[in-house]
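Each reported figure results from applying straightforward, stated rules to the coordinates on display, with no laboratory input. Here the structure is a predicted model, which means the values were calculated and not measured. FYI the Cβ positions are ideal-geometry reconstructions off the backbone, even for glycines, and counts take in every protein chain you see.
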DNA sequence: TTTTGACCAACATGTATAAAAAGTCAAAAA
DNA sequence: TTTTTGACTTTTTATACATGTTGGTCAAAA
């Protein structure tokens with residue numbers, strides 16, 4: 001399968017560019033030059049830029065999900081699992097921040113619907129991992145029983161929300177400093193600790 | 001003080017336009033026509049559009065804060081207080097959604113720094129109210145002791161984040177449906193219940 | 001003291017044009 | 001036959017300029 005190796009080679013080159021300069025500011029010509037082939041050759045392996053982008057992102061999603069499930073297996077307590085998840089995401093954003101943000105401001109030659117679908121797919125996978133982690137913790141009596149699906153969704157929304165709020169606060173001055181991801185990480189850890197503590201005991205309803 | 005009544009009259013007319021069409025899409029001429037005066041007359045009472053906008057928003061902030069402190073006084077339990085806060089905000093956004101969003105996309109003839117400062121001021125006030133509510137609940141032994149300032153901040157971020165995530169999800173298709181605020185309200189209530197439950201018991205650290 | 005019509009300048013918007021990048025293809029190289 | 005390419009076309013983005021709208025001013029009227 002020589003063709004798969006070549007495709008992987010292209011994907012890696014594209015990923016490097018996307019992570020450093022974002023998707024929009026990366027041209028097919030630049031990717032081709034990086035691996036010393038012609039642009040036309042890229043189009044022999046990928047029908048268009050959109051599908052190359054999609055393959056790059058799929059690659060990252062698989063990588064992330066493997067890391068998530070590794071964490072679930074080796075963590076004894078729910079907080080260890082959740083903090084592990086947060087750490088993976090922090091590292092991911094520090095590496096691929098520009099790739100991520102440009103997904104929101106996609107050029108018109110990119111298939112926006114397909115990208116959104118991919119984003120939703122990634123979130124579904126992540127949500128399933130959180131769901132699994134909570135289910136496991138309920139099984140070991142670390143947490144009380146509750147509606148796992150709904151609670152995972154709320155928890156996921158909270159994490160995403162903290163991230164959005166933190167980035168929105170500094171995004172006015174264009175350049176997102178790398179330190180922002182550590183701040184987000186810390187806030188998410190504190191919120192997770194309180195949230196999880198709320199799942200250790202039966203809810204009080206006055 | 002006849003001049004103050006006239007100013008108030010203008011502010012109310014401006015608020016109606018801002019809430020229906022947003023700040024940017026409202027011209028000084030339209031506000032003037034609504035109350036049957038000339039545009040030039042508006043500039044007799046307000047130096048520029050920016051300061052009119054500021055006065056309108058200050059008016060809303062005072063209104064909201066009065067409602068917040070009323071809720072604190074009459075609620076027996078922390079969850080009643082917090083749900084009361086959420087209800088006030090829900091009603092506010094349902095009424096003044098466009099006013100709120102256009103603050104983020106301010107025209108260049110508006111003083112953006114001043115608007116941002118106002119936004120921060122409103123958040124500070126809101127945060128203080130949350131802080132007070134938590135402090136009161138700790139006093140009645142409804143909640144355990146914790147770092148109130150830090151916790152209020154995290155809680156506030158969570159609420160804002162849930163709102164941002166929910167709106168971002170539908171904002172692609174331009175028209176924000178009114179039902180979104182009920183959805184946000186429900187999610188914020190669930191998150192608040194779990195969060196507060198986590199503040200009823202001492203934190204466990206494995 | 002308050003109000004206004006006429007006026008100006010700044011800004012947003014639309015359009016036409018040029019530059020850049022995506023995407024195609026017949027032919028060459030392997 | 002499979003892979004690669006340079007030259008070409010089409011689409012998208014960036015630039016410049018013209019035009020209309022809107023914020024803001026002022027001398028004069030009420």
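A simple spin-label model places the labels of residue A:59 and residue B:202 5.1 nm from each other, with each point 7 Å out along Cα-to-Cβ.
Taking only C-alpha pairs under 8 Å that are 6+ residues apart, what is the relative contact order of the stretch B:126-206 in percent? Provide the component values of the computation, followed by the final result.
On the way: 35 pairs, mean separation 28.2, N = 81.
Value for the stretch B:126-206: 35 percent.
Sorted shortest first, the separations between the residue B:3 label point and its copies elsewhere in the assembly read 8.2 nm; each point sits 7 Å from Cα along the Cα-to-Cβ line. Based on Cα contacts under 8 Å between residues 6+ apart, chain B shows a relative contact order of 23 percent.
In percent, rounded to a whole number, the relative contact order of the stretch B:47-135 is 46, using alpha-carbon pairs under 8 Å and six or more apart.
Placing a label point 7 Å from Cα along the Cα-to-Cβ axis, residue B:141 is separated from the same position in the other copies by 2.8 nm, shortest listed first. In nanometres and ascending order, the distances from the residue B:183 label point to those of the other copies are 2.9 (point 7 Å from Cα along Cα→Cβ).
If you plug the beta carbon distance of residue A:186 and residue A:21 into 1/(1 + (r/R0)^6) with R0 = 25 Å, you get a FRET efficiency near 0.30. Applying 0.36 nm per residue to the separation of residue A:28 and residue A:87 and subtracting their alpha-carbon distance, the gain on full extension is 18.0 nm.
Which order, highest average first, do B:54-61, B:27-34, A:12-19 follow once you tally other Cβ atoms within 10 Å for each residue and take the mean per peptide? Let's see the in-between values first.
Working: B:54-61: 18.2, B:27-34: 15.5, A:12-19: 19.8.
Output ranking for B:54-61, B:27-34, A:12-19: A:12-19, B:54-61, B:27-34.
What's the angle, to the nearest 10 degrees (0 to 90), between helix A:180-198's Cα axis and the longest principal axis of chain A? The angle comes out near 30 degrees. Its DSSP H runs of at least 4 residues, each contributing -39,500 (n - 2.57), put the calculated 222 nm mean residue ellipticity of the protein assembly as shown at -26000 deg cm²/dmol, to the nearest 500.
Of all the residues in chain B, which one has the C-beta that comes nearest the axis relating B to A, and what is the distance in Å? Of all Cβ atoms in B, the one closest to the rotation axis yields B:161, 1.
Taking the C-alpha atoms only, the angle from helix A:2-21 to the longest principal axis of chain A is near 70 degrees. With R₀ set to 35 Å, the beta-carbon distance separating residue A:123 from residue B:117 gives a calculated FRET efficiency near 0.50.
Evaluate peptide B:148-159: per residue, the Cβ atoms of other protein chains within 10 Å of its Cβ; return the mean as an integer. Present the calculation step by step, with values, prior to reporting the outcome.
Numbers: counts 0, 0, 2, 3, 0, 2, 9, 2, 1, 11, 11, 3.
That works out to 4 on average.
Here the label points at residue A:108 and residue A:140, each 7 Å from Cα along the C-beta direction, are separated by 5.4 nm in the simple model. When chain A is treated as a Gaussian network with alpha carbon springs shorter than 10 Å, the biggest mean-square fluctuation among A:90, A:125, A:150 belongs to A:150.
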